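Trainee: Below you will find the structure I want to go over with you.
The values are calculated or read from the model by the stated rules, or taken from the named source; none is laboratory data. Quick caveat: nothing in here was measured; it's all calculated off a predicted structure. Here the Cβ is made from the backbone with ideal geometry for all residues, glycine too, and neighbour counts use every protein chain on show. All accessible areas refer to the heavy atoms of the entire protein, side chains included, with ligands and DNA or RNA removed. Shrake-Rupley method; radii C 1.70, N 1.55, O 1.52, S 1.80 Å.
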Amino acid sequence: MDKELRSRQWFGKKGKDGFIYRAWMKNQGIPAHELQGKPVIGICNTWSELTPCNAHFRELAESVKHGIYEAGGFPVEFPVMSLGETLIKPTAMLYRNLVSMDVEESIRANPIDGVVLLCGCDKTTPALVMGACSVNIPTIVVSGGPMLTGKYRGHDISTSDVWRFSEAQRAGKMTDEELFTAEACMTRSRGHCAVMGTASTMACMVESLGLTLAENAAIPAADSRRKVLAHLSGSRIVDMVREHLKPSDILTRQAFENAITVNAAIGGSTNFVIHLLAIAARIGVDLAMDDFNNVKNIPLLANLQPSGKYFMEDFFYAGGLPALMKELHEVLHSDAITVSGKPIAENYVKSECFNREMISTFDKPFNKLAGIVVVKGNLSENGAVLKPSAASPALMKHTGRAVVFEDIEDYKAKIDDPKLDVDESCVLVLKNVGPKGYPGMPEVGNMAIPKKLLEKGVTDMVRISDGRMSGTGFGTVVLHVSPEAAVGGTLAIVQDGDIIRLDVSAGLLQLELSDAEIDKRKKQLHLPGNLTGRGYVWLYQTHVEQAHLGADMDFLKGASGSEVLRDSH
Ligand code: FES
């Protein structure tokens, strides 16, 4: 066993090198026996007070450590850059790939035999999984868990209410003071957003991929069972090292198909598409946009906001992801292996549902519309995405006049202008918010309804952009248009007054112009260059791929393994 542990290439050495590797560890009060052949387990921690969703992770890491010690391993906690969705500017997505590099290189460069990834706020999950996949040593994910449901004036609230409150305030139905009071009512406990936003979607994604122990997705952060899960995960990773069970053994094509099926049934975030594509490309599984359209027969089973009524806390009490996956048993690859070393079916076959209003049966679904639909056409040759369960049925087939915003600044300047020539049948188009155009592809795709229409009571319109939408957002919103405007996609040549046709059931997004007119306009285009000549943003903007490929950087795809090529010691 000793010889097989990569940590022995450090701590097992004799002479000067071994002296150095061990001696400096001992300055932390570590007894010699801890470094004499135990599996060394890294705990990759995204704790940060600037990432409030992950601010409890040092405590969670302690539970992981207890489990690692219990199973005979030796834990070493290390930090990586953290990504807090609410504070980071211009958008946390700009740094997802940077964090993945941090994670990959931190794991490879250090004497680690296995790794526990502590993931929470939206981008921290895909970033850590992407990085770990490119090294491919035994890996287990522990999510931080959702907040408790917010309570405001007798109502349950969470992040999706931010959009509702904002529209209510703009329409004069909510005062500044009421809005201020609601802040603390919403975020009354530790944890990430309490709806099926991107963080919860990612927590479900890693569980359905098989990268976590059962029940990881929904245990609230404040529930003591979250710590128990962390403890058990710490114990399990030690055995995974002994069993040589690596991400590439777990993340098969079947595992990705399971994740897509589960995401449809939970009404997961559109961000799921972009992150899953990026993870697949790191681990070497062939996955494409069309794979997300192959689950049209999967209904929405989870009655969770923003597609439904309830919150993650309710989901956990109803049985959580295992209870939902049990309903999907017939359509899942039930023999896909998980971090437990056993088929994924063992995670859910014995589970029970305790609230059928929260988790419906497959035969009587909460909503027949589920999943993420990929729409293609001359306006999105490589595809764009829409979440039917969060959209208005009446707008799923719609033809309207384009009202165009050239970029985010143009949008902000005009959206509430009383002179804006817009009515509820129009299609709002926002350009240059894609991966390259607004480096990082911000979550601005669910543009606000123009104020003058809001005041008329309009609550939804067709909106199209090359940007993303928060997983907590909703509406008939077409996102991730690829190719994006900044690289000369058709989106770039749309003008005010052009006619756009969206037909979700036909999978169509069409600009009603002749090919000749589109070609003519494209020849006259002046594409924006890079925003900056240096640093990470330059690297990102130069190398980021389009949304339909996962918006990873071209040189990061694939894996380099765990071997350190040169050793100066
Ligand atoms: Fe962190 Fe929503 S802000 S999960």
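Trainee: Within segment 82-98, is even one residue away from the ligand (no atom under 16 Å from the Cβ), open to solvent by less than 40 Å² (accessible area, probe 1.4 Å), in contact with a Ser or Thr (Cβ under 8 Å, 6 or more places away or on another chain) and under 30 Å from Val228 (Cα atoms)? Give the derivation first.
Mentor: Kept after step one, since they are away from the ligand (no atom under 16 Å from the Cβ), are these residues of segment 82-98: 97-98.
Then keep just the ones that are open to solvent by less than 40 Å² (accessible area, probe 1.4 Å); that gives 97.
This time we only want the ones that are in contact with a Ser or Thr (Cβ under 8 Å, 6 or more places away or on another chain), so: none.
No, the conditions are met nowhere in segment 82-98.
Trainee: Kindly provide the set of residues from segment 464-490 that are more than 16 Å from the ligand (Cβ to nearest atom) and not hydrophobic (A, V, I, L, M, F, W, C), ordered by number.
Mentor: First pass over segment 464-490, keeping only residues more than 16 Å from the ligand (Cβ to nearest atom): 464-467, 475-490.
Matches in segment 464-490: Ser465, Asp466, Gly467, Gly475, Thr476, His480, Ser482, Pro483, Glu484, Gly488, Gly489, Thr490.
Trainee: Of the residues that make up segment 224-240, is at least one open to solvent by 30 Å² or more (accessible area, probe 1.4 Å), away from the ligand (no atom under 16 Å from the Cβ) and free of Cβ contacts under 8 Å to residues at least 12 places away in the same chain?
Mentor: yes
Trainee: Further, regarding this structure: What's the number of the condition Leu118 fails, among (1) more than 30 Å from Pro450 (Cβ to Cβ); (2) more than 16 Å from the ligand (Cβ to nearest atom); (3) open to solvent by less than 40 Å² (accessible area, probe 1.4 Å); (4) not in a helix (DSSP H, G or I)?
Mentor: (2)
Trainee: I would also like to ask the following. If you check Glu517 against the conditions, is it of a type in the set (D, E, K, R) and under 25 Å from the mean Cα position of the chain (by Cα)? Explain how you work it out, then say what you get.
Mentor: Values: of a type in the set (D, E, K, R): yes; under 25 Å from the mean Cα position of the chain (by Cα): no.
Taking the combined requirement at face value, the residue does not satisfy it.
Trainee: Can you tell me which residue is surrounded by the fewest Cβ atoms within 10 Å (Cβ to Cβ) among those in segment 241-269 that are of a type in the set (Val, Ile, Thr) and touching a Cys at 6+ places or on another chain (Cβ under 8 Å)? Give the steps one after another, and end with the answer.
Mentor: Of segment 241-269, the ones of a type in the set (Val, Ile, Thr) are 241, 250, 252, 260-262, 266.
Okay, now just the ones that are also touching a Cys at 6+ places or on another chain (Cβ under 8 Å), so 262, 266.
Working: Val262: 28, Ile266: 31.
Filtering first and then ranking leaves Val262.
Trainee: Further, regarding this structure: With the requirement that a residue be more than 16 Å from the ligand (Cβ to nearest atom) and either in a loop (DSSP other than H, G, I, E, B) or closer than 12 Å to Ser143 by Cα (or both), what does segment 46-76 give you?
Mentor: Kept after step one, since they are more than 16 Å from the ligand (Cβ to nearest atom), are these residues of segment 46-76: 58-59, 61-76.
Across segment 46-76, the qualifying residues are Ala61, Val64, Ala71, Gly72, Gly73.
Trainee: Could you please find all residues in segment 151-188 being surrounded by 14 or more Cβ atoms within 10 Å (Cβ to Cβ), assigned to a helix (DSSP H, G or I) and touching a helix residue (DSSP H, G or I) at 6+ places or on another chain (Cβ under 9 Å)?
Mentor: Selection gives Asp161, Val162, Phe165, Glu167, Ala168, Gln169, Arg170, Glu178, Leu179, Ala182, Met186.
Trainee: Right, here's the next one. Scan segment 138-150 for residues that are hydrophobic (A, V, I, L, M, F, W, C) and either closer than 17 Å to Thr86 by Cα or open to solvent by 10 Å² or more (accessible area, probe 1.4 Å) (or both) and report the count. Quick ask: steps written out before the conclusion?
Mentor: Restricting attention to segment 138-150, the residues satisfying the condition of being hydrophobic (A, V, I, L, M, F, W, C) are 140-142, 147-148.
If we keep only those that are either closer than 17 Å to Thr86 by Cα or open to solvent by 10 Å² or more (accessible area, probe 1.4 Å) (or both) as well, we get 147-148.
Final tally of qualifying residues: 2.
Trainee: All but one of (1) of a type outside the set (Asp, Glu); (2) within 25 Å of Lys65 (Cβ to Cβ); (3) modelled with pLDDT under 95 hold for Leu211; state the number of the condition that does not hold.
Mentor: Unmet condition: (3).
Trainee: Taking the criterion of being open to solvent by less than 10 Å² (accessible area, probe 1.4 Å) and away from the ligand (no atom under 16 Å from the Cβ), would at least one residue in segment 199-207 satisfy it? Give the steps one after another, and end with the answer.
Mentor: Going residue by residue through segment 199-207, those that are open to solvent by less than 10 Å² (accessible area, probe 1.4 Å) are 199-207.
Now narrow it down to the ones that are away from the ligand (no atom under 16 Å from the Cβ): 207.
Yes: one or more hits.
Trainee: All but one of (1) surrounded by 23 or more Cβ atoms within 10 Å (Cβ to Cβ); (2) closer than 30 Å to Ala485 by Cβ; (3) in contact with a helix residue (DSSP H, G or I) (Cβ under 9 Å, 6 or more places away or on another chain) hold for Lys387; which doesn't?
Mentor: Exception for Lys387: condition (3).
Trainee: Among the residues of segment 1-19, write down those that are open to solvent by less than 60 Å² (accessible area, probe 1.4 Å), touching a residue at least 12 places away in the same chain (Cβ under 8 Å) and not in a loop (DSSP other than H, G, I, E, B). Full working, then the answer.
Mentor: Our first condition is that a residue be open to solvent by less than 60 Å² (accessible area, probe 1.4 Å); within segment 1-19, this holds for 5-8, 10-12, 15, 17-18.
Now restrict to residues that are touching a residue at least 12 places away in the same chain (Cβ under 8 Å): 5-8, 10-12, 17.
Correct list: Arg8, Trp10, Phe11, Asp17.
Trainee: Further, regarding this structure: Got a sec? Which of Ile344, Ile337, Ile298 is surrounded by 22 or more Cβ atoms within 10 Å (Cβ to Cβ) and either on the phi < 0 side of the Ramachandran plot or touching a Gly at 6+ places or on another chain (Cβ under 9 Å) (or both)? Reasoning before the result, please.
Mentor: On the way: Ile337 fails: surrounded by 22 or more Cβ atoms within 10 Å (Cβ to Cβ); Ile298 fails: surrounded by 22 or more Cβ atoms within 10 Å (Cβ to Cβ).
Ile344 is the lone residue from the list that is surrounded by 22 or more Cβ atoms within 10 Å (Cβ to Cβ) and either on the phi < 0 side of the Ramachandran plot or touching a Gly at 6+ places or on another chain (Cβ under 9 Å) (or both).
Trainee: Say whether the condition of being within 16 Å of the ligand (Cβ to nearest atom) and open to solvent by 10 Å² or more (accessible area, probe 1.4 Å) is met by at least one residue in segment 103-111. Working first, answer last.
Mentor: Here is the first cut: in segment 103-111, the ones within 16 Å of the ligand (Cβ to nearest atom) are none.
So far as segment 103-111 goes, no, none of its residues is within 16 Å of the ligand (Cβ to nearest atom) and open to solvent by 10 Å² or more (accessible area, probe 1.4 Å).
Trainee: Moving on to the next point. If a residue has to be without any contact (Cβ under 8 Å) to a residue 60 or more places away in the chain and exposed (fewer than 14 other Cβ atoms within 10 Å of the Cβ) to count, how many in segment 20-29 make the cut? Reasoning before the result, please.
Mentor: As a first pass, look at segment 20-29 and keep what is without any contact (Cβ under 8 Å) to a residue 60 or more places away in the chain: 22-29.
From what is left, the residues that are exposed (fewer than 14 other Cβ atoms within 10 Å of the Cβ) are 23-24, 26-29.
Residues that pass the stated criteria total 6.
Trainee: Kindly establish whether Lys296 is part of a strand (DSSP E or B), charged (D, E, K, R) and in contact (Cβ under 8 Å) with a residue 40 or more places away in the chain.
Mentor: Answer is no for this residue.
Trainee: So how many residues does segment 479-504 have that are part of a loop (DSSP other than H, G, I, E, B), in contact with a strand residue (DSSP E or B) (Cβ under 7 Å, 6 or more places away or on another chain) and under 11 Å from Gly434 (Cα atoms)? Give the steps one after another, and end with the answer.
Mentor: If we filter segment 479-504 for residues that are part of a loop (DSSP other than H, G, I, E, B), which is where we start, we get 483-484, 488-489, 494-498, 504.
From what is left, the residues that are in contact with a strand residue (DSSP E or B) (Cβ under 7 Å, 6 or more places away or on another chain) are 483, 489, 494-498, 504.
Then drop every residue that is not under 11 Å from Gly434 (Cα atoms), which leaves 483, 489.
Final tally of qualifying residues: 2.
Trainee: Would you check which residues across segment 451-471 are in a helix (DSSP H, G or I) and closer than 21 Å to Ile499 by Cα and list them?
Mentor: Of segment 451-471, the ones in a helix (DSSP H, G or I) are 451-454.
Answer for segment 451-471, where residues must be in a helix (DSSP H, G or I) and closer than 21 Å to Ile499 by Cα: just Leu453.
Trainee: Still on this structure, I have one more. Can you confirm whether segment 454-463 contains a residue that is among the polar types (S, T, N, Q) and open to solvent by 10 Å² or more (accessible area, probe 1.4 Å)? Spell out how you get there, then give the answer.
Mentor: Narrowing segment 454-463 to residues among the polar types (S, T, N, Q): 459.
Of the ones still in play, those that are also open to solvent by 10 Å² or more (accessible area, probe 1.4 Å) are 459.
Scanning segment 454-463, I find at least one residue that is among the polar types (S, T, N, Q) and open to solvent by 10 Å² or more (accessible area, probe 1.4 Å), so the answer is yes.
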